[in-house]
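Contents: one structure, followed by commentary.
The values are calculated or read from the model by the stated rules, or taken from the named source; none is laboratory data. Not measured: the values here are computed from a predicted model. As a convention, Cβ positions derive from the backbone with ideal geometry for all residues, glycine included, and neighbour counts pool all protein chains shown.
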Amino acid sequence: MKKRSILWTILMAVVSLLFFWLVLLKLILKLNKGRGEPCPTSWSWIVDNPLRRWDVRYALDRAGLRSGETVLELGPGPGAFTIDAAQRVGPEGRLIAVDIQPGMIAQVEERVKAAGLTNVETHVASAYELPLPDASVDRAFLITVLPEIPDPVRALREIHRVLKTGGVVSMTEEFLDPDYPRRATTMAWANAAGFELAERYGNWWNYTLNFRRKP
Ligand SMILES: C[S@@+](CC[C@H](N)C(=O)[O-])C[C@H]1O[C@@H](n2cnc3c(N)ncnc32)[C@H](O)[C@@H]1O
C-alpha cells in the first residue's frame, strides 16, 4: 500500500471515530434532558468547546450583525458568541443578552467584564416575557435555543413584538444539539409567528435561517 493511501485510511478512521463519539454524545445528552428544558448550566463546557465553536463559527456572519445596531441575543448560554457579537455591533451599538438561567448570565457577565466591553446589557428573563419595549431591536439571533423552549411560536411572537418593522431574527441550529429541529420545522414556527424567510445558509448538519418581521 502506498504511504499516501495509508495516511488517507488513518484520517478516515479518525474522522469516523470522532463522528461516532459525537453522535453517541448527542444520544446520551438527549436521554438526560427532556424536550423543552433549558440546557443545564453544568453543561456549559459542552456548549462552549473549541470543536463546537469551529462548527458554528459562521453563525454570526450569517446573522448579518452590523455596526451600530441594537441586537438581542436570546439564550447566550455561557456566552460563547456574546463577545464577538458585541464587538461586531461596536460602541455605537448595543448587545442585549437574555437567558432564563441566572448561572448562564453570570458567565456572560464575567466574560463581558474580562473583555472590558461597555455595550452589553444582560437580563435573566424568559423568552416569553422579554424585558424590552415594543419595536426597540434591529436584529435578534438565537443559536441552538429555540427547540429548548416549550412553545417556540410564543417565543418568536415575543421577538416579533420587540423587533422593529423589517427587523431580522436569525436562527442557527446544529445536528449535534440533542434538540436539533429540521429546517422545515424552524420555518413553520417562524411563519406561524409572523416572519417571512429572507435568507438561508448551511446544510443538514448546521444551518442558519434569517427571517424578516412582517408588519
Ligand atoms: C444550548 S444553550 C445555547 C447557548 C448559546 N446560544 C450557544 O450556542 O453557545 C441554550 C440556552 O438557551 C437558554 N434558554 C432555554 N430556554 C429559554 C427560555 N425559555 N428563555 C430564555 N432562555 C432560554 C438556556 O438557558 C441556554 O442557556
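Looking only at residues in region 130-158 that are aliphatic (A, V, I, L, M) and out of contact with any strand residue (DSSP E or B) (no Cβ under 8 Å at 6 or more places or on another chain), the one that is farthest from the ligand (Cβ to nearest atom) is Val153.
Only residues that are buried (at least 17 other Cβ atoms within 10 Å of the Cβ), in a helix (DSSP H, G or I) and near the ligand (Cβ under 9 Å from one of its atoms) were counted across region 61-106, and they come to 3.
Test of understanding: among Leu22, Leu65, which residue is in contact (Cβ under 8 Å) with a residue 24 or more places away in the chain and outside the structural domain of Glu129 (by TED's automatic domain parsing)? Don't jump to the end; show me each part of the working.
Values: Leu65 fails: outside the structural domain of Glu129 (by TED's automatic domain parsing).
Being in contact (Cβ under 8 Å) with a residue 24 or more places away in the chain and outside the structural domain of Glu129 (by TED's automatic domain parsing) holds for just one of Leu22, Leu65, which is Leu22.
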